[in-house]
Amino acid sequence: MKVAYLVIGAGFTGAVLAERIARELDKRVLVVDRRRHIGGNAYDYYDEHGVLVHKYGPHIFHTNSKKVWEYLSLFTEWRPYYHRVHAVIEGKEVPVPFNLDSVRLLFPPRLAERLQEKLIQAFGYGARVPVLRLREVEDPDLRFLADYVYKYVFEGYTQKQWGFRPEELDPSVTARVPVVVGRDDRYFQDTYQAMPKHGYTKLFEKMLSHPNIKLLLGTDWKEVEDVVKCDRLIFTGPIDEFFDYMYGRLPYRSLHFRFLHYTVRQYQSVGQINYPNEHPFTRITEFKHLTGQVHLGTTVVVEYPADYAPDQNDPYYPVPRRENQERYVLYAREAAKLRTVIFAGRLADYRYYNMDQAVARALKLFAEVIARDA
Ligand code: FAD
Ligand code: UDP
């Protein structure tokens, strides 16, 4: 069998590229995914109770890119949604990102006021300060606060999530959730924040519905490698796997998801509650907050971080550490030698992309490489 374009992976990266090639170049594309569904990690479905859930953990869409927003809007309507997260700290539920209200809720009034004033003085109202930066302050009160936030918000959570302490990871990891010198309690600050009105899977169905696109699900790349010939291969799976681990395995972090259904309308006060300090899990997310679904019951997902064990669980997170990046570069060099193969996506680029970054990467790749070469 021969196709013009073979895309491995039906997540955001693969789906965007397939859609662009099919529509803009009017070329035929075969999309192969080893899972039995489209959507990659963003896949959602109605569980046995009729609640819309995300199979691979909660996915909240947010972007500053007008281009990405307008592109995805071709395939879905949106439900405006601002994600709000609380963390349980010393028995209290406080906003995360840690902000001036978190300070007020956790400390006695006079101390809280002093800390709030000093934060504003040091960084300016509205500033967003990564915890590792906050720990560099010299003022004893702010130093106390920095150590407190480090210990109660980041240390335990990060150790559970990654198996490393915050300073052992690239600083960009904990900088995703900075301390906010203000009262904005939204988890994200992006211009566009919304959920696909009818879910992610519906968005993917529309994206992949072009007659030039054929889907082959439940099939691994290895099974088609020798059978399907193509002019161009686009690979969105793990890059180390593609090269048979010739430079050793790239580490990934995995998760075990536990879904629980309750016959109450609402289980928790906000979409997500983090448990940095106790329990083996990191967070509990209640889908109805995200989706706005009206239902007599509710389903939550509890996330238990785990080491990635090939063939036993999935590689969800590349682990942003210098030594891993160095190993990735060895694979990237091999990739650059292959003229007809393109690597892209969270697993193939070994980058901690959010959904919008995966879409932006795919759109750029299409415009700057694939369309030009066609
Ligand atoms: P994927 O979605 O991983 O798709 C890759 C696909 O390739 C998979 O379907 C896989 O089965 C297939 N594949 C791999 N290898 C092979 C092979 N050998 N043969 C055949 N098929 C193969 N982003 C946000 O913006 N907001 C969020 O709230 C958010 N929450 C997240 C929560 C969790 C728990 C996780 C893990 C990720 C989250 N993300 C979030 C990130 C988001 O999932 C990714 O940005 C996005 O899925 C990347 O798309 P992708 O196509 O690159 O990769
Ligand atoms: N983090 C933390 N405590 C929290 C929230 C986040 O320590 O309450 C750290 C942790 O290291 C986490 C990282 O910040 O992995 C990024 O958090 P984010 O919510 O962006 O993670 P994701 O949704 O990608 O799993």
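Every number here is computed from the coordinates shown, using simple stated rules; none is lab data. What you see is a predicted model; the values in this text were computed from it and never measured. With ideal geometry, Cβ positions are generated from the backbone for all residues, glycine too; neighbour counts draw on all protein chains shown.
Summary of values
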item: Potential extension, GLU278-GLU168 segment - 0.36 nm per residue separation minus Cα distance; result: 37.5 nm
item: Spacing of the two label points (7 Å from each Cα toward its C-beta) at ASP307 and GLU77, in nm; result: 4.9
item: Length-normalised contact order for the chain - Cα pairs under 8 Å, 6+ apart - percent; result: 27
item: Size of charge dipole - the chain - debye, nearest 20, with Cβ of Lys, Arg +1 and Asp, Glu -1, no other charges; result: 740
item: In order through the stretch 235-246: 3J(HN,Hα) via Karplus (6.51 cos²θ - 1.76 cosθ + 1.60), integer Hz, x for Gly, Pro; result: 10, 10, x, x, 5, 5, 5, 4, 9, 6, 6, 4
item: At R0 = 22 Å, FRET efficiency that the Cβ-Cβ distance of ILE120 and SER269 yields, to 0.05; result: 0.20
item: Paramagnetic label zone (point 7 Å from Cα along Cα-to-C-beta, ARG321; backbone N under 15 Å) in the stretch 138-156; result: none
item: Backbone N under 20 Å from the LEU260 label point (7 Å along Cα→Cβ), restricted to the stretch 269-292; result: 269-291
item: Inter-part distance where the stretch 337-367 and the stretch 277-325 are each reduced to a Cα centre, Å; result: 23
item: Residue with peak Gaussian network fluctuation, the chain [Cα springs, cutoff 10 Å], from VAL270, VAL359, VAL224; result: VAL224
item: Whole-Hz couplings from phi, Karplus 6.51/-1.76/1.60, listed for the stretch 119-128; x for Gly and Pro; result: 4, 5, 4, 6, 10, x, 5, x, 5, 10
item: Helix 355-365 axis, angle to the chain major axis (alpha carbon atoms, nearest 10°); result: 40
item: Positive-pole candidate from PRO130, LEU100, TRP69, dipole of the chain, charges at beta carbon; result: TRP69
item: Choice from ARG339, ARG232, ARG104 with maximal GNM fluctuation in the chain (Cα, 10 Å cutoff); result: ARG339
item: VAL329 versus ASP244: modelled label distance in nm, points set 7 Å from Cα along the beta carbon direction; result: 2.6
item: For VAL96, distant residues with modelled amide H under 5 Å away; result: VAL85, HIS86, ALA87
item: C-alpha center-to-center spacing [the stretch 1-55, the stretch 182-216] in angstrom; result: 13
item: Burial ranking of peptide ranges 15-25, 193-203 (average Cβ count within 10 Å, highest at the top); result: 15-25, 193-203
item: For the stretch 271-327, with +1 on Lys and Arg beta carbons and -1 on Asp and Glu, the positive-most of THR291, TYR317, VAL301 along the dipole; result: THR291
item: For the stretch 205-287: rounded, prolate or oblate by the Cα gyration tensor [a/c cutoff 1.5]; result: oblate
